[in-house]
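There's a structure below that I have some questions on.
The values are calculated or read from the model by the stated rules, or taken from the named source; none is laboratory data. These numbers were taken from a predicted model, which means no experiment stands behind them. With ideal geometry, Cβ positions are generated from the backbone for all residues, glycine too; neighbour counts draw on all protein chains shown.
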Amino acid sequence: MVLLGVNVDHVATLRQARGGREPDPLMGAALAVLGGADGITVHLREDRRHINDRDLRLMRQLVSVELNLEMAPVKEMVKIALETKPDMATLVPEKRRELTTEGGLDAKGDFKKISDAVRRLKDGGIQVSLFIDPVGVAVEWAAKTGADMVELHTGYYSNARPSARHKELEKVKSSMALAGSAGLMVNAGHGLDYANVAGIAHLPGLRGLYIGHSIVGRAVLVGMKEAVAGMKALINLAAADKK
Ligand code: PXP
């Protein structure tokens, strides 16, 4: 079985477009769980551009499946994680101007910062995953940090032209094997959608997939008919009442 962690950040992105209360990512999380999600992921960014501190606090109370906090390996976020106690934390690099997480962690270059964060989180009873590129050196240094698991970046595979896709898939596959033999549990995510997920989901040794944008995007579309019908019914009811 491969677990599915659903990232609901973009429900909050839609809320922030108007700065109001709706749509609430908590509702998104609850419905994702009803749909069969094995976990819920939220990324609390330094600039709070989508998920905010209130969302995370209430998510912790609401979510009974695995709650995964994506976070930069910085003091502020480690403190928040230790207070909120998600089931797991996925450490990611974070740049203010990026649209989404761009590359994996530099587990070698930032070894001290990352391994300090890993130790503090694990001491607090939180499982730790590192988001890394599917390359040998990243896997080897990730294993040295003491992390429990890695999430291999599938963005290169997802964005590859059809002619290059096989090569990118092979990189994910060999990194998966290397991570497994280093004693790490192995997840994957980023850029996965309804057309490309099967190529990754069938790889041996995979623990879970973390997917956000394509699911939230699909939810907007498959929900459109029902949402419009609901509004139309209200309008028709009020208009009939007027006569
Ligand atoms: N995993 C990580 C570490 C991410 O940063 C993201 C994006 O927030 C995802 C998975 C989900 O990626 P996507 O939204 O492209 O499915």
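Looking at (1) free of Cβ contacts under 8 Å to residues at least 24 places away in the same chain; (2) surrounded by fewer than 19 Cβ atoms within 10 Å (Cβ to Cβ), which one does residue 148 not meet, given that it meets all the others?
So residue 148 meets the others, but not (1).
Please tell me if residue 154 is within 16 Å of the ligand (Cβ to nearest atom), buried (at least 17 other Cβ atoms within 10 Å of the Cβ), under 15 Å from the mean Cα position of the chain (by Cα) and more than 22 Å from residue 81 (Cα to Cα). Lay out the reasoning, then the answer.
Working: within 16 Å of the ligand (Cβ to nearest atom): yes; buried (at least 17 other Cβ atoms within 10 Å of the Cβ): yes; under 15 Å from the mean Cα position of the chain (by Cα): yes; more than 22 Å from residue 81 (Cα to Cα): yes.
For residue 154, the condition - within 16 Å of the ligand (Cβ to nearest atom), buried (at least 17 other Cβ atoms within 10 Å of the Cβ), under 15 Å from the mean Cα position of the chain (by Cα) and more than 22 Å from residue 81 (Cα to Cα) - is met.
Just one of 54, 60, 49 is within 14 Å of the ligand (Cβ to nearest atom) and surrounded by fewer than 17 Cβ atoms within 10 Å (Cβ to Cβ); which is it? Break it down stepwise before answering.
Details: 54 fails: within 14 Å of the ligand (Cβ to nearest atom); 60 fails: within 14 Å of the ligand (Cβ to nearest atom).
Just one listed residue meets the conditions, 49.
Examine region 179-187 for a residue that is within 16 Å of the ligand (Cβ to nearest atom), under 19 Å from residue 2 (Cβ atoms) and surrounded by fewer than 19 Cβ atoms within 10 Å (Cβ to Cβ), and state whether such a residue exists. Working first, answer last.
At the first step, the residues of region 179-187 found to be within 16 Å of the ligand (Cβ to nearest atom) are 179, 184-187.
Filter once more, so that each one left must be under 19 Å from residue 2 (Cβ atoms): 179, 184-187.
Cutting the leftovers down to surrounded by fewer than 19 Cβ atoms within 10 Å (Cβ to Cβ) gives us 185.
Yes: one or more hits.
Moving on to the next point. For region 27-46, what are the residues that are without any contact (Cβ under 8 Å) to a residue 40 or more places away in the chain and either in a loop (DSSP other than H, G, I, E, B) or surrounded by 20 or more Cβ atoms within 10 Å (Cβ to Cβ) (or both)?
Passing the criteria: 29, 35, 36, 37, 40, 42, 44.
Does region 206-213 contain at least one residue that is at pLDDT 95 or above and in a helix (DSSP H, G or I)? Steps first, please.
Residues of region 206-213 at pLDDT 95 or above: 206-213.
So of that shortlist, the ones also in a helix (DSSP H, G or I) come out as 213.
Yes, the conditions are met somewhere in region 206-213.
Could I ask something else about it? Restricting the first residue to region 106-121 and requiring it to be touching a residue at least 24 places away in the same chain (Cβ under 8 Å), which pairs with a second residue that is outside any helix (DSSP H, G or I) and surrounded by fewer than 17 Cβ atoms within 10 Å (Cβ to Cβ) meet a Cβ separation below 6 Å and a spacing of at least six or different chains?
Close Cβ pairs satisfying both conditions: 118/146.
Looking for something in a strand (DSSP E or B), in contact with a strand residue (DSSP E or B) (Cβ under 6 Å, 6 or more places away or on another chain) and under 21 Å from residue 189 (Cα atoms) - is there at least one such residue anywhere in region 7-22? Steps first, please.
Taking region 7-22 and keeping what is in a strand (DSSP E or B), we get 7.
Restricting the remaining residues to those that are in contact with a strand residue (DSSP E or B) (Cβ under 6 Å, 6 or more places away or on another chain) gives 7.
Imposing the further condition that a residue be under 21 Å from residue 189 (Cα atoms) reduces the set to 7.
There is at least one residue in region 7-22 that is in a strand (DSSP E or B), in contact with a strand residue (DSSP E or B) (Cβ under 6 Å, 6 or more places away or on another chain) and under 21 Å from residue 189 (Cα atoms).
Which of the residues belonging to region 5-22 are surrounded by fewer than 19 Cβ atoms within 10 Å (Cβ to Cβ), more than 13 Å from residue 217 (Cα to Cα) and not small (Gly, Ala, Ser)?
Once the filter is applied, which keeps residues that are surrounded by fewer than 19 Cβ atoms within 10 Å (Cβ to Cβ), more than 13 Å from residue 217 (Cα to Cα) and not small (Gly, Ala, Ser), region 5-22 yields 16, 18, 21, 22.
Let me ask something else about it. Out of the residues in region 191-243 that are among the β-branched types (Val, Ile, Thr) and within 16 Å of the ligand (Cβ to nearest atom), which is nearest to the chain's Cα centre (by Cα)? Please lay out each step first, then the result.
Our first condition is that a residue be among the β-branched types (Val, Ile, Thr); within region 191-243, this holds for 197, 200, 211, 215-216, 220, 222, 228, 235.
Subset that is within 16 Å of the ligand (Cβ to nearest atom): 197, 200, 211, 215-216, 220.
Values: 197: 15, 200: 16, 211: 6, 215: 11, 216: 12, 220: 18 Å.
Checking each candidate, the answer is 211.
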